[in-house]
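Nothing in this text is a laboratory measurement; each read-out follows from the coordinates by a stated rule. Keep in mind that this is a model prediction, so the values were computed, not measured.
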């Protein structure tokens, strides 16, 4: 707190290191590019905080240990298509393509209704979200 009050800029330590900043930039540029798809930014996957948090966490985990030059291999067009389709399913604009996805969606939405900050439930939602994308 002292360094903020004294305004010694050189004494202020950033809360994120450069690698973490780059990681977040990669994720949010990827999400911004998904916005080229009509209706994507209006989907519940983007507009509902619980779902958006899971999406961002999923993407961060996907590229966390990837060399910056290889991020495009992990945040690919194929991944983008899956997320766009998931966004349409989450918003109710598209029906789940099969029963496996439907079952996981039901469980995901049940876990998203209450206690969204509960660590165990959040981790389970993250796993379900990844499973849903892998099945799409």
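Some points to look at:
- Top of 21, 54, 83 by mean-square fluctuation, Gaussian network on the chain, Cα under 10 Å: 21
- Top of 71, 27, 106 by mean-square fluctuation, Gaussian network on the chain, Cα under 10 Å: 106
- Annotation: extensible slack from residue 73 through residue 115 equals 11.7 nm (criterion: 0.36 nm per residue apart, minus Cα-Cα distance).
- The ellipsoid equivalent to the alpha-carbon distribution of the chain has semi-axes of 31, 19, 14 angstrom, derived from the gyration tensor eigenvalues as √(5λ) and listed largest first.
- GNM on the chain, alpha-carbon springs under 10 angstrom: the most fluctuating residue among 100, 82, 15 is 15.
- Principal-axis tilt of helix 119-135 within the chain, Cα atoms, nearest 10 degrees: 60
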